[in-house]
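A.B. asks: Quick one: the structure is below, questions incoming.
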Amino acid sequence: MAFLRLDKYLSDMGIASRKELKQLIRSGRVSVDGKSVLLPETKIDCGSIVSVDGRILKYSKYHYYMMDKPCGILTATEDGRQKTVLDLVTDEMRRMGLFPVGRLDKDTSGVLLLTDDGEFAHRVISPKSSVEKLYYAKVDGIPDAEDVNAFEKGLILGDGTHCLPAKLTLQGDNTCYVTVMEGKYHQVRRMLASRGKPVLELRRMSIGRLKIDDALGPGGFRELEQWEIDAVFLSN
């Protein structure tokens, strides 16, 4: 059995700041297995039923969320001048210490993962994990078979950046799908631009087998279920 101090348990859940939690507990608003607990340092079993003001909590050491990142928002934890993805979430989620997994540039929308699990984030980002990221792109021009072959071989960009082999799927017009297994700076945009097909619109559709939940809408978010977390590491 895993045991934690009650204030640490509540802190991990983002209920309030550590200072606020002590007052919350001492005021009798927290119960464990149906009994009020007044000491922040009380050790409790992580499997206990903990409630705050009657709201039952489900303990998780780490947290995993999907967001439909809208265009015009920075993928960062904070910025002094511009709005970031963490400005879109609740205070409770910010207190969990969430951060974005990888980056979507300001003008790209789509599925973005938020977590407080550093090991998970590293696995998703690392090319060694071979996690596929699928993008829908609308471009200026018509992608063709030569572009497909160039992507399959692996592009070398103008600044000498080497890109791993990627998949370009044609749609018969000025749209296409691009699948990559790495996340270099503005990579998909730069890859398409290097083929004379500058991007007009870009949206990330999936990470592994985890597809964007269109019901979220721009800026929407929700916590992932375990099978969805596992799906991130499954190939299509």
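The values are calculated or read from the model by the stated rules, or taken from the named source; none is laboratory data. Bear in mind the structure is a predicted one, so any value in this text is a computation, not a measurement. Here the Cβ is made from the backbone with ideal geometry for all residues, glycine too, and neighbour counts use every protein chain on show. Quick note on the areas: whole protein, heavy atoms, side chains included, nothing else; ligands and nucleic acids left out. Shrake-Rupley method; radii C 1.70, N 1.55, O 1.52, S 1.80 Å.
A.B. asks: Of all the residues that make up the stretch 114-150, how many are touching a residue at least 40 places away in the same chain (Cβ under 8 Å), open to solvent by 40 Å² or more (accessible area, probe 1.4 Å), among the hydrophobic types (A, V, I, L, M, F, W, C) and in a helix (DSSP H, G or I)?
C.D. replies: 1
A.B. asks: When residues of the stretch 12-26 are filtered for being out of contact with any Asp or Glu (no Cβ under 8 Å at 6 or more places or on another chain) and free of Cβ contacts under 8 Å to residues at least 24 places away in the same chain, how many remain?
C.D. replies: Residues that pass the stated criteria total 4.
A.B. asks: Now, a different point. When only residues in the stretch 86-113 that are small (Gly, Ala, Ser) and assigned to a strand (DSSP E or B) count, which is most open to solvent (accessible area, probe 1.4 Å)?
C.D. replies: Per the criteria, the residue is Ser109.
A.B. asks: From the residues in the stretch 178-209 that are of a type in the set (D, E, K, R) and more than 22 Å from Ser126 (Cβ to Cβ), which one is surrounded by the fewest Cβ atoms within 10 Å (Cβ to Cβ)?
C.D. replies: So, considering only residues that are of a type in the set (D, E, K, R) and more than 22 Å from Ser126 (Cβ to Cβ), the one surrounded by the fewest Cβ atoms within 10 Å (Cβ to Cβ) is Glu201.
A.B. asks: Also, quick follow-up: What is the number of the single condition among (1) at positive phi; (2) touching a residue at least 60 places away in the same chain (Cβ under 8 Å) that Met205 does not meet?
C.D. replies: (1)
A.B. asks: Hey, any hits in the stretch 5-26 for a residue that's surrounded by 15 or more Cβ atoms within 10 Å (Cβ to Cβ) and within 30 Å of Asp214 (Cβ to Cβ)?
C.D. replies: Within the stretch 5-26 (the criterion being surrounded by 15 or more Cβ atoms within 10 Å (Cβ to Cβ) and within 30 Å of Asp214 (Cβ to Cβ)), the answer is yes, since at least one residue qualifies.
A.B. asks: Also, quick follow-up: Could you look through the stretch 57-74, keep only residues that are closer than 17 Å to Phe120 by Cβ and not in a strand (DSSP E or B), and pick out the one that is most open to solvent (accessible area, probe 1.4 Å)?
C.D. replies: Lys61
A.B. asks: Could you tell me whether the stretch 29-38 includes any residue that is open to solvent by 90 Å² or more (accessible area, probe 1.4 Å), farther than 30 Å from Leu202 by Cα and either in contact with an Asp or Glu (Cβ under 7 Å, 6 or more places away or on another chain) or modelled with pLDDT under 90 (or both)?
C.D. replies: There is at least one residue in the stretch 29-38 that is open to solvent by 90 Å² or more (accessible area, probe 1.4 Å), farther than 30 Å from Leu202 by Cα and either in contact with an Asp or Glu (Cβ under 7 Å, 6 or more places away or on another chain) or modelled with pLDDT under 90 (or both).
A.B. asks: If you don't mind, another one. I need every pair where a residue in the stretch 151-165 that is within 12 Å of Met181 (Cβ to Cβ) and open to solvent by 20 Å² or more (accessible area, probe 1.4 Å) has its Cβ under 8 Å from the Cβ of a residue that is modelled with pLDDT of 95 or more and not in a loop (DSSP other than H, G, I, E, B), sequence separation at least 6 or different chains.
C.D. replies: Note: pairs meeting the criteria are Leu164/Val180; Pro165/Phe151; Pro165/Glu152; Pro165/Lys153.
A.B. asks: Within the stretch 156-177, can one find any residue that is at positive phi, modelled with pLDDT of 95 or more and of a type outside the set (S, T, N, Q)?
C.D. replies: No, the stretch 156-177 has no match at all.
A.B. asks: Checking Asn236 against (1) at pLDDT below 95; (2) open to solvent by less than 70 Å² (accessible area, probe 1.4 Å); (3) polar (S, T, N, Q), only one condition comes out false. Which one?
C.D. replies: (2)
A.B. asks: Restrict the check to the stretch 37-50 and report whether at least one residue is farther than 18 Å from Glu92 by Cβ and of a type in the set (Gly, Ala, Ser).
C.D. replies: yes
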